[in-house]
Amino acid sequence: MSLLRFSGQVFCNRNLNMQKISAIGFDMDYTLSEYIPQSFETLAYEGAVQKLVTHLGYPPELLEIPYDHTKFVRGLVIDKPRGNIIKMDRHKYVKIAYHGSRKLTEVERKTIYDPNNTTWDSFTGSGYAVVDTLFSLPDAFLFSTIVDFKDSNPERLPKSYEEIFKDVRTSVDLCHRDGVIKDKVALDPAKYIHK
């Protein structure tokens, strides 16, 4: 039996009388739609940067940095206190680490994430965030971008890396809630959603 035969169809495991239902809603987690990652992530990123600059006082130069959808993938961990983004192997060994967009040297990486003293439990507290969905990729890119800016201009951004991450999450969440994302998707669905 060919799976292509079922392409584009919706299945459910119980009947639902739709006569009295006037609207259907869904959250943006690929439940009912397959999003076009590059355009959708760019929309979230640009909206979040705008909010950081206009509402939270971040430097306007951040508006000039374009989103790079190829920079990060799912499966990374954000080390909020240190401003790092790390990749572990299946044994929870930190194989690669970046501070902002700068790759840490092997010595730096092993000093910070000592393989003899680091376990998965080391990365489960509130100081860490897992990049586990496509919707968290703009967060990782924006966080690394702002870490770079802070390191180059500490006097212009006197916040801790943790505060920066909190502001990034707040701005991205606000974009999902206040219509910045949904309104644009509704205006041009073909740009953001595969048919």
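Out of everything in segment 131-185 that is hydroxyl-bearing (Ser, Thr, Tyr) and outside any loop (DSSP other than H, G, I, E, B), what residue ends up being surrounded by the most Cβ atoms within 10 Å (Cβ to Cβ)? Give the steps one after another, and end with the answer.
Pass one, segment 131-185, residues hydroxyl-bearing (Ser, Thr, Tyr): 133, 136, 144-145, 152, 160-161, 170-171.
Then drop every residue that is not outside any loop (DSSP other than H, G, I, E, B), which leaves 136, 144-145, 152, 161, 170-171.
Details: Ser136: 20, Ser144: 23, Thr145: 21, Ser152: 10, Tyr161: 22, Thr170: 15, Ser171: 25.
Here the residue is Ser171.
Tell me, yes or no, whether segment 118-125 has at least one residue that is part of a strand (DSSP E or B) and open to solvent by 60 Å² or more (accessible area, probe 1.4 Å). No; the residues of segment 118-125 include none that is part of a strand (DSSP E or B) and open to solvent by 60 Å² or more (accessible area, probe 1.4 Å).
Scanning segment 66-81 turns up no residue that is surrounded by fewer than 22 Cβ atoms within 10 Å (Cβ to Cβ), within 19 Å of Lys184 (Cα to Cα), among the β-branched types (Val, Ile, Thr) and within 12 Å of the chain's Cα centre (by Cα). Scan segment 89-102 for residues that are more than 18 Å from the chain's Cα centre (by Cα) and not in a loop (DSSP other than H, G, I, E, B) and report the count. Adding up the residues that qualify gives 4. Considering the conditions (1) of a type in the set (Ser, Thr, Tyr); (2) modelled with pLDDT of 90 or more; (3) surrounded by fewer than 16 Cβ atoms within 10 Å (Cβ to Cβ); (4) not in a helix (DSSP H, G or I), Tyr58 is excluded by exactly one of them, (3).
The values are calculated or read from the model by the stated rules, or taken from the named source; none is laboratory data. Here the structure is a predicted model, which is why all the values come from computation and not from measurement. A quick note on method: Cβ atoms are made from the backbone with ideal geometry, for glycine too, and the neighbour counts reach across all protein chains shown. The protein model used for the area step is the full one, side chains on, heavy atoms only, and it has no ligands, DNA or RNA in it. Shrake-Rupley method; radii C 1.70, N 1.55, O 1.52, S 1.80 Å.
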